[in-house]
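Data first, discussion second: the structure below is written as structure tokens.
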Amino acid sequence: MSTARTHHRFSVAEYDQMIDKGILTEDDRVELIRGEIVEKMTIGDEHIACVNRLNRLLVKLLDDRAIVSVQNPVRLYDSEPEPDIALLRPQADFYASGKPKAADVLLLIEVSDTSLEVDREDKRTLYAENGIHEYWIINLIDRTIETYRQPQPNGQYLNSRIARSGATLEIEQLQGIAIDISQILPAN
């Protein structure tokens, strides 16, 4: 005889309470996705280097036009993902008054190798449903950058593109910012 497993879904408020009470700590590599506490993938050296390279590049390029948030939570309807990079609207208190919400996000970036399927399917859909205007996947396997724009409530983006070496990307909500892909994915 088999019994069905019952899953308990957590609200964002319940998840935040678990963090506040020390039930979940920084050592717990988890994030809240659609009400479920999900273990994050282990990150390798190339992933770390890419995030560090992006952080340095974006801080230099953006100056005070956006806050570069690295692997910090963004509060969505039923989720609190921790994208590798979030470019946020400037706020005087740097979001000390509360985690950024979808309306605060200018661009979310996930660096992907082992998490590529999750980032392409689950997170892309989640971000589109929550109105994240622009989403990039830095694909370390294929050495490309997938860009998604114009989110739809059904979880799709109307505009998607795959950029390869030699291409330049612009951040749609930050006019005048152009990034050569080789600055993010240098030749091996």
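The values are calculated or read from the model by the stated rules, or taken from the named source; none is laboratory data. Source: prediction; values computed, not measured. Cβ placement follows ideal geometry from the backbone for every residue including glycine, while neighbour counts extend to all protein chains displayed.
Annotations
- The set of residues in the stretch 39-78 being free of Cβ contacts under 8 Å to residues at least 24 places away in the same chain, under 24 Å from ALA92 (Cα atoms) and β-branched (Val, Ile, Thr) consists of VAL59, VAL68, VAL70.
- Strands (runs of 3 or more DSSP E) (entirely within the stretch 1-80) containing at least 1 residues that are over 27 Å from ARG143 (Cα atoms): 30-33, 36-39
- The stretch 116-139, subset at pLDDT below 95 and hydrophobic (A, V, I, L, M, F, W, C), residue surrounded by the most Cβ atoms within 10 Å (Cβ to Cβ): LEU116
- Failed item in (1) surrounded by 19 or more Cβ atoms within 10 Å (Cβ to Cβ); (2) in contact with a His (Cβ under 8 Å, 6 or more places away or on another chain); (3) touching a residue at least 40 places away in the same chain (Cβ under 8 Å), with ASP113 passing the rest: (1)
- THR114 being among the hydroxyl-bearing types (Ser, Thr, Tyr) and outside any loop (DSSP other than H, G, I, E, B): no
- Looking only at the stretch 91-110, and only at residues there that are in contact (Cβ under 8 Å) with a residue 24 or more places away in the chain and among the small types (Gly, Ala, Ser), the one that is surrounded by the most Cβ atoms within 10 Å (Cβ to Cβ): ALA102
- Selection of the stretch 142-171 for residues being free of Cβ contacts under 8 Å to residues at least 40 places away in the same chain, outside any strand (DSSP E or B) and not aliphatic (A, V, I, L, M) yields ASP142, GLN152, PRO153, ASN154, GLY155, GLN156, ARG164, SER165, GLY166.
- Candidate set from the stretch 52-67 (those that are surrounded by 19 or more Cβ atoms within 10 Å (Cβ to Cβ) and not small (Gly, Ala, Ser)); member that is nearest to SER11 (Cα to Cα): ILE67
- Selected residue (only one of ILE23, ILE48 is aliphatic (A, V, I, L, M) and either within 17 Å of GLN183 (Cβ to Cβ) or surrounded by 11 or more Cβ atoms within 10 Å (Cβ to Cβ) (or both)): ILE48
- Subset of the stretch 79-90 (residues that are surrounded by 17 or more Cβ atoms within 10 Å (Cβ to Cβ), touching a residue at least 24 places away in the same chain (Cβ under 8 Å) and farther than 16 Å from ILE37 by Cβ): PRO83, ASP84, ILE85, LEU87
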